[in-house]
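Single-structure report; data block below.
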Amino acid sequence: MKTSFPEKLLHYIWLHALFDQKNLRTTKEATIRILKRGELNTDSGPDFFNAHLKIGARLWVGNVEMHLQSKDWFNHKHHLDEAYSNVILHVVYEEKTPIELEGIPCLNLYPRVNSNLLQKYSSLMNSKLWIPCEDQISSNFNSSFELWKHRLLCERLERKSKDVLSLVSQLNFDWEEAFMQLLFQQMGFKTNRLPMEWLSRKLRFSHFKREAGNLEYIEAMLFGAAGMLRGKEDDKQIKLKYDFELLRRKFKLTSIDESSWKWSRMRPSNFPSIRLAQLTALLASDRNLVHSLLQASELDEMRKLLEVNAGSYWSQHYRFGQRSNEHSTHLGKSSIDLILINLFLPFRFCSQEHHGMDTAELIEFYFEIQKESNSTLKKWRSLGMISRSAADSQALLELKASYCNQQKCLSCQLGAEILKND
């Protein structure tokens, strides 16, 4: 049988004992009894550390190295590496005449591995479905997901935390500036995230702190730097344009191109002009916004930071000079929750972790927030994977992004259930 799988599957088989362990013998017919398979090494060096094996009449304690073929020992130059001097067993797969290594017993694993396992793995790796196991997943996997959910949620927070810390370090550990840039991106949501990111780089959080409480000046900075004040549609736009000219000279501001913004196929309440007006109210409401976020002890306190009103003008307009029926300009509950999920909690998690503080309570907040709704989660639902809170939905999004999309079935709890079951 041709070996057409990676070594990591061999590691998986050994780690989970997915092979027949009765009457094990070396290629020289010495008996093998596995007392402890060892600890998987994810760094350089032998594949498993601290294995306990009884080979023949002697007890061995040391490392195990695995290859698809024994010649790989030399191809990988292990014979020249002192790190492999304490290998007590060389495990190979599918080789009738393994190369004997001096003083290192060899185990040929091929006859002891169930061919169904290899076929299942091949099926997962060659799948063209939405997730590799889509045609094998069933409702009973919900129990496996329940056990794994907390870990997935923590992994997602850790990954987002690394992104936050990377930005903070780029900005010389200016946490407020980093928060502002991330806040702008989040306020763009999916459609206008990129122009919001560009806009954030034109401004500084210190500008808003210096003008704290002056909503018109903050509004002028945002709309002016966004390139939305080039016309003369009405008195509001003309006034903001005048104010921006003063602020532009004061802070040496420049603008992005107005054509960067996307307006089509959007609800008016999601127009970039409305989002900028809401962002104006948010930045004007609290000059110590980051401090307030980090000190909030309850989820409702964080929500209140986002309960802002964009103002009377925007309750009658969606764009400059275009009067509309009166409408609400508050951030909606779902938008507030998305900002909590994707910005407030990851940012606070990063800050607390960086400063050596406990982060356990932040994980629990996700169980208090309503689940998200998007195309990925709707597909999971159709497969029987139901979200009851943001903890569930975030875990499922992480599962899809970091495991399914990258075919990391060997590291996945659901993949493990498929491979282990006959």
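The values are calculated or read from the model by the stated rules, or taken from the named source; none is laboratory data. All values reported here derive from a predicted model rather than from experimental measurement. Glycine also receives a Cβ, built like all others from the backbone with ideal geometry; neighbour counts cover every protein chain displayed. All accessible areas refer to the heavy atoms of the entire protein, side chains included, with ligands and DNA or RNA removed. Shrake-Rupley method; radii C 1.70, N 1.55, O 1.52, S 1.80 Å.
Key figures for this structure:
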{"read-out": "In the range 257-272, residue surrounded by the fewest Cβ atoms within 10 Å (Cβ to Cβ) [restricted to those that are more than 17 Å from Arg201 (Cβ to Cβ) and not polar (S, T, N, Q)]", "value": "Arg265"}
{"read-out": "Residues of the range 36-58 classified as without any contact (Cβ under 8 Å) to a residue 24 or more places away in the chain, touching a strand residue (DSSP E or B) at 6+ places or on another chain (Cβ under 8 Å) and open to solvent by 50 Å² or more (accessible area, probe 1.4 Å), total", "value": "6"}
{"read-out": "Meets criteria (crowded, with 21+ Cβ neighbours inside 10 Å and in contact (Cβ under 8 Å) with a residue 40 or more places away in the chain) for Arg275", "value": "yes"}
{"read-out": "Only one of Ser315, Ser292, Ser269 that is under 26 Å from the mean Cα position of the chain (by Cα) and polar (S, T, N, Q)", "value": "Ser292"}
{"read-out": "Test: residue in the range 366-376 that is open to solvent by less than 10 Å² (accessible area, probe 1.4 Å), aliphatic (A, V, I, L, M) and within 27 Å of Ser138 (Cα to Cα)", "value": "yes"}
{"read-out": "Residue identified as open to solvent by less than 20 Å² (accessible area, probe 1.4 Å), over 30 Å from Ala277 (Cβ atoms) and more than 19 Å from the chain's Cα centre (by Cα) among Leu101, Leu152, Leu107, Leu129", "value": "Leu107"}
{"read-out": "Residue list for the range 17-60, restricted to those being under 22 Å from Ala83 (Cα atoms) and not in a strand (DSSP E or B)", "value": "Arg37, Gly38, Asn41, Thr42, Asp43, Ser44, Gly45, Pro46, Asp47"}
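So that you can scan it fast, the table gives a plain yes or no per residue for (1) among the aromatic types (Phe, Trp, Tyr); (2) open to solvent by 60 Å² or more (accessible area, probe 1.4 Å); (3) without any contact (Cβ under 8 Å) to a residue 60 or more places away in the chain; (4) assigned to a helix (DSSP H, G or I):
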site: Leu338; (1), (2), (3), (4): no, no, no, yes
site: Leu343; (1), (2), (3), (4): no, no, no, yes
site: Met357; (1), (2), (3), (4): no, yes, yes, no
site: Glu361; (1), (2), (3), (4): no, yes, yes, yes
site: Trp380; (1), (2), (3), (4): yes, no, yes, yes
site: Gln394; (1), (2), (3), (4): no, no, no, yes
site: Gly415; (1), (2), (3), (4): no, no, no, yes
